[in-house]
1. Out of all the residues in the range 67-83, which are in contact (Cβ under 8 Å) with a residue 40 or more places away in the chain and not charged (D, E, K, R)?
2. If the requirement is being among the charged types (D, E, K, R), closer than 11 Å to residue 222 by Cα and either within 15 Å of the chain's Cα centre (by Cα) or not assigned by TED's automatic domain parsing to the domain that holds residue 222 (or both), which of these qualifies: 140, 106?
3. Kindly establish whether residue 111 is closer than 25 Å to residue 293 by Cβ and not in a loop (DSSP other than H, G, I, E, B).
4. Taking into account only those residues within the range 19-69 that are more than 27 Å from residue 145 (Cβ to Cβ) and among the acidic types (Asp, Glu), which is surrounded by the fewest Cβ atoms within 10 Å (Cβ to Cβ)?
5. Of the residues 56, 26, 43, only one is at pLDDT 95 or above, in contact with a Cys (Cβ under 8 Å, 6 or more places away or on another chain) and among the aliphatic types (A, V, I, L, M); which?
6. Give me the pairs: first residue in the range 302-330 and touching a residue at least 60 places away in the same chain (Cβ under 8 Å), second residue part of a loop (DSSP other than H, G, I, E, B) and buried (at least 17 other Cβ atoms within 10 Å of the Cβ), beta-carbon distance under 7 Å, and six or more apart or on different chains, which are they?
7. Quick one: what pairs do we get from the range 215-244, first residue at pLDDT 95 or above, second of a type in the set (S, T, N, Q) and in a helix (DSSP H, G or I), C-beta under 6 Å, 6+ apart or different chains?
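The values are calculated or read from the model by the stated rules, or taken from the named source; none is laboratory data. Predicted model, so just to flag it, every value in this text is computed and none were measured. Counting neighbours? That spans all protein chains shown, and the Cβs are built from the backbone with ideal geometry, glycine included.
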Amino acid sequence: MGTGGATHLRHGSVAGMNGSPSVSVVMSVYNGAATLAATMDSVLAQEGVDFEFIVVNDGSTDGSGAILDDYARCDDRVRVIHQDNTGLTRALIRGCAEARGKYIARQDAGGDISLPERLVRQFAFLEANSDVVMTSCGTRFIGPENEFLYDIVQQSDELRQGLEQLRIDRVRGPSHHGSTMFRQVAYQAVGGYRPEFRVAQDLDLWMRLVEIGSCIATPEVLYQACLTLGTISHMHRSEQLKVANIILQCATIRRSNGDEKLTLQQFMRNNRKVRWLSIPRSLQNARFYYFVGSLLRLKQPARARIYYQHALKSWFLYPRALFGLWLLRGRP
């Protein structure tokens, strides 16, 4: 079936004592067939908490839908929603609207995995801290070939303090969108993900959640994210920064007891008129390969050299990659 052993993934019940799961894991997939099994298996292997796994197949054309249907047939915790492609934000809105759990945990596809005990530890933390509306764990970032790149770990109030900031150079969110778990009631209270933001939808949600309760990080690395070509953050960086500034403007207005409605309306009008500056795909790829190479230069110079060479193949004479190769001269 190409599902990495989906027939062996029936682990316990989807529902708790009240007939609903404690946690709803929500994920969107668009053409993620190549790495989908690893992600699905990592979630379905979680123990110690009853959960459902809601996966929105957002118009995939690569076989992702068939893989998901195989998992759903083999494990009744998996709920698959097939729809035409709408983009990540609207897919998450759809998935969260279907969630029955007390808590919603995010999970990304694209090779990301939840490490053992992720769900039970976050569930236990929220159960023990009624004032906390969202928590996140540490995230390990790996490269396209599973190379360790870096960890992002936050301590306790770092997350809350970062989300209380209103300047683009100071605001700090969770280690990764997929590392978060939040209360369903809080998600509903702030209005959930908003369709106005096709990128940076996570920042918009977090900025509103911190306004109604505590957002606390735990330092354990319980999530692993794979950096790959074609991710939203990689392809739409400039757009994300522009949208993030709008999100912070809205937060500033709300926190001054103002009405953000006019700012949102103006943003939507401008968004319809302006075509976001598109960077050529080959240059995007070169930047990505250079970035991964730069992270590996000191600890894995041979691998770094390969990524710099990929960057040069993507964009002829990409200067940063040339400089990276120069720094590696004479190293094995």
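1. Passing the criteria: 67, 71, 74.
2. Working: 106 fails: closer than 11 Å to residue 222 by Cα.
140 is the lone residue from the list that is among the charged types (D, E, K, R), closer than 11 Å to residue 222 by Cα and either within 15 Å of the chain's Cα centre (by Cα) or not assigned by TED's automatic domain parsing to the domain that holds residue 222 (or both).
3. Working: closer than 25 Å to residue 293 by Cβ: yes; not in a loop (DSSP other than H, G, I, E, B): no.
Here the answer is no, as residue 111 does not meet what is asked.
4. 47
5. Values: 56 fails: in contact with a Cys (Cβ under 8 Å, 6 or more places away or on another chain); 43 fails: in contact with a Cys (Cβ under 8 Å, 6 or more places away or on another chain).
Just one listed residue meets the conditions, 26.
6. 303/147
7. If the second residue must be of a type in the set (S, T, N, Q) and in a helix (DSSP H, G or I), the pairs left are 223/179.
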